[in-house]
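Below is one structure, written out as structure tokens, with a few remarks after it.
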Amino acid sequence: MIRILWYPELSSWNKQTDKVILSADSNGLVLYGFLKFFDKDTTVTVILPDTDRIYDCDDIVYKTIEEKARFIIDIDMFPNSFAQRYTFDFVKLYNLIDLKNYDVLINNEISLTRNWRALQLAQKADKLKIISWFHFVVFPNDLKVDANINYWYRELDGMLVSDAIFFQGKAVKDEVIKYLERNYKNLAKVIRDKCYNVNFVYSYEDIMEHKIKKSYEKIIIIIPNRISIATRYSSHDLFIKVLNILAKKYDFEVWFTNITQSVSTGELKNVCKFKFKNLSESRVLNRTEYYKKLWEANIVLVGLQDLHGGASLREAMAAKCLPIMPYMYEYKNLMPKTYFGYYNFNVNSLKQSLEKTFEFIKKSSREKIENLCTVVSTAAFKNCSFEKYANVVKRTLYNII
């Protein structure tokens, strides 16, 4: 039996309610998947915000945590991912948690791993193993994060003091090691030897439980990622510019999930010249409602400029949405290079990918569309589903201990 303490970094905060949405956060989903598949082999204690700071306590993700976690430790968390990366209440955690009671700490925020290591040393919890499990890396010259808040060196410290590093996706692991070998040759081997690709991202089974017959009569594009004010990260400025152009020629509707509501419906109306819905305008959809929307849509458009690309893309692909995605990093491992839905980050490239996808849906037989959608769904299962990778995670965890 393995005793695990789990600290999930949570960044999907809803602006209207000032609450975290566990079921819409990649780290919340990873914790959910772990508990779903590993409760017989492990005991898990979870560190979470107080329940009055969690939006979706009645949804499946929190209910699974509540049911299967051994204990939940409530702590104050900032409704801001940047603040979380710099906040560690050492004295409070020293008095609240005894690390000697655990075999493993799984920490989803690698910039805090050095703080957890300091707490371990202070408590003389010599047998504890610390695993940093993450998919988001910020390099020193990364444009998606302002230079004055760049936290690469905290991430580097976290890698150095981790006993193991779990990467969500081969491309994430490869890019980090490549960067280290180019810039920190003396540290590269130390870090490389404790890196693992686990790619444990979403539940294919959950998606299939809500399966409905796909329709291609009307083109519906779902944009599942939160709308980031830092448009360099989420690419919504590019999406809107291109979709405005295409609306003059094609009939389609766009669904923004927009879970954080950092951009209002009114603000979207000011810039969108196409038909759209703000799915989270009045409230955030629960998982059942969200899965239904994935099956009703037939295209998923994403442009997160990070190494992994997020869980929501894989969920939409599993629900047989044709993906429009950048040709880079982990995205490149999802479909063949010749797939028409790949684009580069410019107007013409994205416009061409969307046009090709629209024309494919308009002019192809249902059988031909279904065949490609099955390829897409199978790729999502093989790439990073809980069901495919549960045993990989389990073996890796036991080997580390």
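The values are calculated or read from the model by the stated rules, or taken from the named source; none is laboratory data. For clarity, every value in this text was computed on a predicted model and none was experimentally measured. No Cβ is skipped: glycine too gets one built from the backbone with ideal geometry, and neighbour counts run over all protein chains shown.
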Considering only segment 318-339, I want to know if a residue exists there that is more than 28 Å from Ser385 (Cβ to Cβ) and polar (S, T, N, Q).
no
How many residues of segment 31-68 are in contact with a Lys or Arg (Cβ under 6 Å, 6 or more places away or on another chain) and among the acidic types (Asp, Glu)? The answer is 2
Specify which of the listed residues (Glu67, Glu109) is surrounded by fewer than 13 Cβ atoms within 10 Å (Cβ to Cβ), under 24 Å from the mean Cα position of the chain (by Cα) and modelled with pLDDT of 85 or more.
Glu67
Say whether the condition of being among the hydroxyl-bearing types (Ser, Thr, Tyr), buried (at least 20 other Cβ atoms within 10 Å of the Cβ) and over 21 Å from His210 (Cβ atoms) is met by at least one residue in segment 288-308.
no
Could you list, in sequence order, all residues of segment 282-302 that are touching a residue at least 12 places away in the same chain (Cβ under 8 Å) and among the small types (Gly, Ala, Ser)?
Ala297
The residue from Lys362, Lys368, Lys382, Lys351 that alone is surrounded by fewer than 19 Cβ atoms within 10 Å (Cβ to Cβ) and closer than 18 Å to Gly33 by Cα is Lys382
Residue pairs within 6 Å by beta carbon, gap of at least six or interchain, first lying in segment 357-385 and touching a residue at least 24 places away in the same chain (Cβ under 8 Å), second assigned to a helix (DSSP H, G or I) and aromatic (Phe, Trp, Tyr), listed first then second, are Phe381/Tyr204; Ser385/Tyr204
Picked from segment 87-108 (must be in a loop (DSSP other than H, G, I, E, B) and touching a helix residue (DSSP H, G or I) at 6+ places or on another chain (Cβ under 6 Å)), the residue nearest to Pro8 (Cα to Cα) is Asn108
Conditions (1) part of a helix (DSSP H, G or I); (2) in contact (Cβ under 8 Å) with a residue 60 or more places away in the chain; (3) in contact with a Phe, Trp or Tyr (Cβ under 6 Å, 6 or more places away or on another chain): number failed by Gln305:
(1)
Unmet criterion (only one of (1) more than 20 Å from the chain's Cα centre (by Cα); (2) in a helix (DSSP H, G or I); (3) within 20 Å of Ile2 (Cα to Cα)) for Asp52
(3)
Set Ile21, Ile4, Ile47, Ile60: member being β-branched (Val, Ile, Thr), touching a strand residue (DSSP E or B) at 6+ places or on another chain (Cβ under 7 Å) and farther than 25 Å from Arg117 by Cα:
Ile21
For Val376, indicate whether it is surrounded by 16 or more Cβ atoms within 10 Å (Cβ to Cβ), closer than 28 Å to Met208 by Cβ and not assigned by TED's automatic domain parsing to the domain that holds Gln305.
no
Just to be sure, is Ile97 aliphatic (A, V, I, L, M), buried (at least 18 other Cβ atoms within 10 Å of the Cβ), more than 24 Å from Asn199 (Cβ to Cβ) and in contact with a strand residue (DSSP E or B) (Cβ under 9 Å, 6 or more places away or on another chain)?
yes
Does segment 255-277 contain at least one residue that is of a type in the set (Asp, Glu), assigned to a helix (DSSP H, G or I) and at negative phi?
yes
